[in-house]
1. Please compute the net charge surrounding Thr19, taking Lys and Arg as +1 and Asp and Glu as -1 over other residues with Cβ under 12 Å from its Cβ.
2. If R₀ is 22 angstrom, what is the calculated FRET efficiency for the pair Lys24 and Val81, using the beta carbon separation as r and rounding to 0.05?
3. Could you let me know the centre-to-centre spacing of the range 97-126 and the range 14-29, using Cα atoms, in angstrom?
4. Once fully extended, how much extra length lies between Ala111 and Ser40, figured as 0.36 nm per residue of separation less the alpha-carbon to alpha-carbon distance?
5. Return the subset of Lys113/Lys141; Lys41/Lys86; Lys86/Lys120; Lys99/Lys120 for which the Cα-Cα distance in this structure is over 21 Å, preserving the input order.
6. Wrap a convex hull around the Cα atoms of the range 5-159, take a quarter of its surface area, and give that in square nanometres.
7. Rounded to the nearest angstrom and ordered from largest down, what semi-axes does the equivalent ellipsoid of the range 30-97 get from its C-alpha gyration tensor (root of 5λ)?
8. Using a 10 Å cut-off around each Cβ, can you sort Glu14, Glu33 from fewest to most neighbouring Cβ atoms?
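FYI, it's all coordinate maths here, none of it is from the lab. None of the values given here were measured: they were computed from a predicted structure. All Cβ positions, even for glycine, are placed from backbone atoms using ideal geometry, and neighbour counts span all protein chains on display.
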Amino acid sequence: KSAGEPIYSPLQGEVLPLTEVSDKVFASGALGEGIAVVPSKGVVTAPADGIVTTAFPTGHAYGITTESGAEILIHIGMDTVRLEGKHFNSKVVQGQKVKRGDILAEFNLDALKEEGFDVKTPIIVTNSGQYTDIIPTDQKKVKTEEQIITLISSPWEEKNHEI
């Protein structure tokens, strides 16, 4: 089959390993494997075609289930839930179909930094266990729509999916 399912960057910025995120739950991989981006622009886009399965009312986090079933969580910054939506402008609702590159939200990056928030943004595959491997990019900087993660499934898992 294919060489893996691409997940594209929802943000423009600097790429970091997930282990460099201050929140231990993300850094430990407890929520799933992935990567982090320090955004240089306050726009978050859909990392793949799929459905918005989670759109927090506070605008700081989004879950997307891709057409092939990957579950991607994007959490903008650390502890940003405390802002209760301030500085975030959500553009989507739960259940909405999105295409890769569609804007999920805009956020005021400068205001987040001024208020002392860590803007490192984890991008997690929450159903990591369903994949043989999750390969993050080795690029140091990324733009939206550039591939950031490759999901590898084993062929037998795909064939036996319907059991």
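1. Details: positive: Lys24, Lys120; negative: Glu20, Asp23, Glu33.
Taking every other residue near Thr19 into account, the sum is -1.
2. Working: r = 16 Å, r/R0 = 0.73.
Working from the Cβ atoms, E equals 0.85.
3. Taking the Cα centre of the range 14-29 as reference, the centre of the range 97-126 is 15 Å away.
4. Numbers: separation 71, 0.36 × 71 = 25.56 nm, distance 1.28 nm.
Contour length minus Cα-Cα distance gives 24.3 nm.
5. Details: Lys113/Lys141 19 Å; Lys41/Lys86 17 Å; Lys86/Lys120 17 Å; Lys99/Lys120 24 Å.
In this structure, Lys99/Lys120 exceed 21 Å between Cα atoms.
6. Working: hull surface 32.7 nm².
The Cα convex hull of the range 5-159, projected and averaged over all directions, gives 8.2 nm².
7. Numbers: eigenvalues 73, 43, 26 Å².
Values for the range 30-97, descending: 19, 15, 11 Å.
8. Going from least to most buried by this count: Glu14, Glu33.
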